[in-house]
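First comes the structure, then the notes that go with it.
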Amino acid sequence: MTSLSHVQLGILYLDIMNAQSAALPLQERVEAQGHLIDSHIMERIFDTVVEYGGRFEVEEFHIGRTNSEPSRLRLKIDAGNADSMQQILSQLLGLGCSIVDSGDAALATVERDRCGPEDFYSTTNYRTYIRHDNQWMEVQNQRMDALIVVEGSQAWCHRLRDIRAGDRVVTGMRGIRVAPESKERNRLAFAFMSNGISSERQVETAVKQTAALIEQVRAAGQKIVAVAGPVVVHTGGAAPLSKLIREGYVNALLCGNALGVHDIEAALLGTSLGIRQSDGRQAEHGHRNHMRAINSIYRAGSIRGAVESGCLRTGVMYECVMANIPFVLAGSLRDDGPLPDTITDMNRAQDAYAEQLKGAGLVLCLGSMLHSIAVGNMLPSWVKIVCVDINPAVATKVSDRGTGQAVGVVTDVGLFLDLLARVLIPAK
């Protein structure tokens with residue numbers, strides 16, 4: 001192998017440096033504002049530009065000097081081609097960057113129902129603003145994976161299936177600002193929400209912090225929504241959840257047909273999936289008890305009808321009816337029955353879930369991967385989620401699908417609910 005002389009190495013080094021410093025053909029400038037350092041957003045911005053083959057130059061940076069003053073960043077970005085620049089800008093937009101001097105957001109008119117333009121802007125769950133008629137307006141009904149429709153002087157998130165011919169939809173990436181949820185500088189108040197998912201966290205500590213969040217949300221006049229799976233019944237959590245509902249700590253219940261069926265089976269027959277709750281043994285012919293429970297509700301006409309007739313006298317569903325707390329039972333392919341209250345049309349079930357999530361400040365996800373992920377996708381980023389499951393993968397999957405505000409508590413759901421009820425409602 002031939003070795004290079006010092007002169008040749010020097011020339012090669014200069015060639016490499018000149019190639020790296022040569023101007024790339026495309027250039028944009030972006031701005032970002034917020035707690036950029038505390039939230040590690042600035043380093044993510046830099047990494048993103050490099051990852052997608054671009055170069056950056058910091059033209060201006062002002063660091064916030066107090067716990068409330070935001071930092072400001074202005075960045076020049078160079079890219080070698082349009083695809084690279086498009087990828088960079090798309091990623092940076094989700095990190096809170098906006099293109100400098102971009103003008104109003106581009107709008108395109110929808111030609112067919114449920115068929116958006118090719119380059120429609122797909123939303124995140126972060127607070128979003130668009131520029132229209134030279135003014136910035138906040139997008140309403142914020143959620144991820146939606147289109148932005150401009151109606152007069154307002155902008156709304158609409159799902160693709162709700163788009164109609166004639167709607168004016170935001171396209172491209174100009175005239176759009178996204179405001180990611182920053183890590184709060186008041187670390188003591190929100191330490192729990194920044195701790196992520198851990199099986200090492202003491203359950204008692206997580207319960208106390210969840211109780212504190214619940215009290216904060218109630219004081220702010222916001223709703224507390226419970227999303228529950230049938231494991232709540234299997235693990236003995238039905239009684240404490242019933243108590244929380246009865247005492248006003250739950251404002252809506254979202255679940256599948258299974259929770260309703262197993263809760264009613266336990267209330268009527270003392271079993272859950274045929275297993276006696278008193279001693280954990282299989283009841284004779286217990287395998288049919290869930291069908292007997294469904295049949296009893298059909299005989300009464302509905303869950304409310306069963307309560308009003310005196311057939312159903314305890315349980316989670318009973319407490320919802322007695323406290324006039326709205327509940328939504330969303331059906332699935334594997335449901336038995338299902339209960340007459342169960343919504344089997346998935347679009348209608350999604351709509352019903354979304355309606356009950358309006359005004360929520362905190363969502364408690366209790367042992368249901370499917371419904372937890374579904375609800376997470378419907379929520380804006382500023383609604384806090386506490387995801388409780390014995391399986392740490394559940395909370396991880398909720399976060400991985402874009403719901404970054406979810407905190408995981410890895411423990412038995414029944415134990416968690418029992419301790420939570422004891423903290424919030426002390427024995428008299």
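Since every read-out is calculated from the coordinates, none of them should be taken as a lab result. Predicted model only: the values in this text are computed from it and were never measured. Neighbour counts are summed over all protein chains in view; Cβ atoms, including those assigned to glycine, are modelled from backbone coordinates with ideal geometry.
Within 15 Å, Cβ to Cβ, of Asn295, how many net charges do the neighbouring residues add up to if Lys/Arg are +1 and Asp/Glu are -1?
Residues close to Asn295 contribute a combined charge of -1.
What stretch of the chain, leaving out the sites themselves, is the longest with no GluC sites (Glu not before Pro) in a DSSP loop having at most 16 other Cβ atoms within 10 Å?
285-428
Please give the contour-minus-distance gain from Ala212 to Asp119: 0.36 nm per residue of separation, less the Cα-Cα distance, rounded to one decimal in nm.
The Ala212-Asp119 span can extend by a further 29.1 nm.
Whose amide H sits under 5 Å from the amide H of Ser272, counting only residues 5 or more places off or on another chain, with H placed in the peptide plane?
Gln277
Based on the Cα atoms of region 103-183, what semi-axes does the equivalent ellipsoid have, where each is the square root of 5 times one gyration tensor eigenvalue, given in whole Å with the largest first?
For region 103-183, the ellipsoid semi-axes come out as 19, 14, 10 Å.
To the nearest 20 Debye, how big is the dipole of region 25-101 about its Cα centre, given +1 on the beta carbon of each Lys and Arg and -1 on that of each Asp and Glu?
Dipole magnitude for region 25-101 comes out near 120 debye.
Compute the signed sum of charges (Lys and Arg +1, Asp and Glu -1) over the other residues within less than 14 Å, Cβ to Cβ, of Ile343.
Surrounding charge for Ile343 is -4.
Which one of Val149, Asn289, Phe61 has its Cα pushed farthest toward the positive end of the charge dipole of the chain, where Lys and Arg give +1 and Asp and Glu give -1 at the Cβ?
Asn289
Under a 10 Å cutoff between Cα atoms, tell me which one of Thr124, Thr344, Thr66 has the largest fluctuation in the Gaussian network model of the chain.
Largest GNM mean-square fluctuation: Thr66.
Using only the Cα atoms of region 192-424, construct the convex hull and provide its projected area averaged over every direction, in square nanometres to one decimal.
The number I arrive at for region 192-424 is 11.9 nm².
Could you line up Phe120, Phe61 from fewest to most neighbouring Cβ atoms inside 10 Å?
By the 10 Å Cβ count, ascending, the order reads Phe61, Phe120.
For the chain, can you list the cysteines whose C-beta has no other cysteine C-beta under 4.7 Å from it?
Here Cys97, Cys115, Cys157, Cys255, Cys311, Cys320 come out as lacking a disulfide-compatible partner, given the Cβ-Cβ threshold of under 4.7 Å.
Would you kindly calculate the mean projected area, averaged across all directions, of the convex hull enclosing the Cα atoms of the chain, in square nanometres?
One quarter of the hull surface, i.e. the mean projection, equals 30.0 nm².
Net charge around Ala421, counting only other residues with Cβ within less than 11 Å of its Cβ (Lys, Arg = +1; Asp, Glu = -1)?
Surrounding charge for Ala421 is +1.
Among Ile390, Val170, Gly80, whose Cα sits farthest toward the positive end of the charge dipole of the chain (+1 at Cβ of Lys/Arg, -1 at Cβ of Asp/Glu, about the Cα centre)?
Ile390
Would you kindly compute the Cα radius of gyration of region 25-101 and its largest Cα-Cα separation (Dmax), both in Å?
Spelled out, the Cα radius of gyration and Dmax of region 25-101 are 12.2, 40 Å.
Over what distance in Å are the Cα centres of region 351-399 and region 87-113 separated?
Between the Cα centres of region 351-399 and region 87-113 lies a distance of 28 Å.
Averaging sequence separations of C-alpha pairs under 8 Å and six or more residues apart, then dividing by the length of the chain, give the relative contact order as a whole percent.
14 percent
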